[in-house]
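The structure appears right after this line, and notes come after that.
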Amino acid sequence: MALVAGVDSSTQSCKVTIRDADTGAVVREGRASHPDGTSVDPRHWWDALGTAVADAGGLADVGAVAIAGQQHGMVALDADGHVVRDALLWNDVRSADAAAQMVDELGREAWVARTGLVPVASFTGTKLRWLRDAEAANAARVAAVALPHDWLSWRLRGYGPADESPLGPDLDALATDASDASGTAYWDPVRREYDAELFELALGRPLRVAGSEPSPDTVVVPRVVLHDEAMGTLDNDVPLPNGATAPSGLVVGAGLGDNAGAALGLGLGPGDVAVSLGTSGTVFGVTDAEVRDPSGTVAGFADGGGSRLPIVTTLNAARVLEVIGGLLGVDHDALGALALQAPAGADGLVLVPYFVGERTPNRPDATASLLGMTPATTDRAHLARAAVEGMLCALADGLAAVEDTGVTVERLLLIGGAARNDAVRVVAAQVFGRDVIVPEAGEYVAAGAAKQAAWALTGALPTWATDSTTVPADPHPAVLAQYRGAAR
């Protein structure tokens, strides 16, 4: 039995799943937590990877590994391979003004034509502009810019600061994949190459792709590895934190962004769209067509298999249930039970759930609002119902935006921790107005990374079966109309 490992290095934690490369059966798993915050020292991710690998029983019998990571995070390195400053994560909104400036400088249409997206605070390029303007001394030290999965893969392959890694700070060994590169705002998913002018617009210095001819005052960006290729194979054992080891001969796959990883893990193809309910929320599908949305609502990322991944991202999804559940003193299950005690539409009570600002719509400074309070609606059940509906209505707007780009929705899948909640499933079928397919609970980002590892190891993308249940459509269009009226 050939074994492969998939890693999901998310905002909250690092998860490692070790699977049979042929069947996808889970052999063992491990996990470690990440610190809270929107600005994090990447060494915490490295420590967590070692802990999660050890928790999963190690990699001694594993043939290949691939890492999927949270997208957009800015990992800036100096010439010695040290991290220049804490990484700004995708949910750090301090670069909102920088994003607005960059949009004004080129215009929305030009950005969409060149990158498939319109800059917002989440994207790496806007964080580089912020660094240039807010921390000039740090910006001057930057010798390379990577993303979370790039940096972790680099460290896993034995590179890093000389006193911490066997192969030292070879910045030309940095590599990434198309899905993650497409979320930087300086990579063109049509030409499938970096846009050097846009990188220089962001940081104020020219880029050089890792492995190309060195030139003065350039900043290294990772070379882009094809989705079915490997970054490399380990020539020697690489020590990981907390006693784990990456063994000699281990194949390291290209890796990918977390949403592309989930799409690959679910086996999505054209006509499939997934709604993911983590702390944040995403709506994404797979299409072979070029995606252009000048409004910036839908980003036209690359996927993990050579196609496109149109995606809408919100900052507030399961976070909404956590906040309201905390207010009511109940967990997610009890919150769902309360929600089902109130009618669809919560008798006019609407929660607009912008608790930490919002990315879609682009309102980084927004706050949440509760509207329609009356003596009849201001009780626990109505508030719980409004929370579930507010979370899902925001994502229903995202689904509509994806459809507006020409993506056909033949199957709608609901995934993520909150998808396990019965009330969320019921309300989803009402708000989306279509059958909702709920795959069995699983770590689909890590599963996608494991599939990619198997692809790099065997030369063929495996097909792994996934069980699911279907919640029949129960259209309640008035619920979404009520939410849209409140969220204007």
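Points worth noting:
- For the range 256-293, filtering for residues that are closer than 19 Å to Ser182 by Cα and hydroxyl-bearing (Ser, Thr, Tyr) leaves 2.
- Subset of the range 77-121 that is β-branched (Val, Ile, Thr) and more than 20 Å from Arg359 (Cα to Cα) - its residue that is least open to solvent (accessible area, probe 1.4 Å): Val84
- Condition check for Val93: in contact with a helix residue (DSSP H, G or I) (Cβ under 7 Å, 6 or more places away or on another chain) and either acidic (Asp, Glu) or modelled with pLDDT under 95 (or both): no
- Leu268 being buried (at least 21 other Cβ atoms within 10 Å of the Cβ) and part of a loop (DSSP other than H, G, I, E, B): yes
- Of the residues Gly168, Gly243, the single one that is farther than 30 Å from Glu290 by Cβ, touching a Phe, Trp or Tyr at 6+ places or on another chain (Cβ under 8 Å), surrounded by fewer than 20 Cβ atoms within 10 Å (Cβ to Cβ) and not polar (S, T, N, Q) is Gly168.
- Those residues of the range 368-381 which are under 14 Å from Val330 (Cβ atoms) and in contact with a helix residue (DSSP H, G or I) (Cβ under 6 Å, 6 or more places away or on another chain), in sequence order: Arg380, Ala381
- Which listed residue is surrounded by fewer than 24 Cβ atoms within 10 Å (Cβ to Cβ), of a type outside the set (D, E, K, R) and farther than 21 Å from Ala299 by Cβ, from Ala419, Ala384, Ala366, Ala400: Ala419
- Checking each residue in the range 1-47 for being acidic (Asp, Glu) and out of contact with any helix residue (DSSP H, G or I) (no Cβ under 6 Å at 6 or more places or on another chain) picks out Asp20, Asp22, Glu29, Asp36, Asp41.
- If you go through the range 181-220 and keep only what is in a loop (DSSP other than H, G, I, E, B), of a type in the set (D, E, K, R) and over 21 Å from the mean Cα position of the chain (by Cα), you end up with Arg191, Asp195, Arg205, Glu213, Asp217.
- If the condition is being over 22 Å from the mean Cα position of the chain (by Cα) and over 24 Å from Ala446 (Cβ atoms), then the range 51-90 contributes Asp78, Ala79, Asp80, Gly81, His82, Val84.
- Flag if Leu3 is open to solvent by less than 60 Å² (accessible area, probe 1.4 Å) and farther than 19 Å from Leu147 by Cα: yes
- One residue stands out in the range 143-154 among those that are touching an Asp or Glu at 6+ places or on another chain (Cβ under 7 Å) and among the hydrophobic types (A, V, I, L, M, F, W, C): the one that is surrounded by the most Cβ atoms within 10 Å (Cβ to Cβ), namely Leu147.
- None of Val330, Val312 is at pLDDT 90 or above, closer than 30 Å to Leu370 by Cα and surrounded by fewer than 20 Cβ atoms within 10 Å (Cβ to Cβ) except Val330.
- Between Gly325, Gly296, the distinction of being open to solvent by less than 50 Å² (accessible area, probe 1.4 Å) and either assigned to a helix (DSSP H, G or I) or within 21 Å of Gly267 (Cα to Cα) (or both) belongs to Gly325 only.
- Looking across the range 124-138, the residues that are open to solvent by less than 10 Å² (accessible area, probe 1.4 Å) and touching a residue at least 60 places away in the same chain (Cβ under 8 Å) come down to Thr124, Gly125, Thr126, Leu128, Arg129, Leu131.
The values are calculated or read from the model by the stated rules, or taken from the named source; none is laboratory data. Quick caveat: nothing in here was measured; it's all calculated off a predicted structure. As a convention, Cβ positions derive from the backbone with ideal geometry for all residues, glycine included, and neighbour counts pool all protein chains shown. Accessible surface is based on the protein model in full, side chains and every heavy atom, while ligands, DNA and RNA are left aside. Shrake-Rupley method; radii C 1.70, N 1.55, O 1.52, S 1.80 Å.
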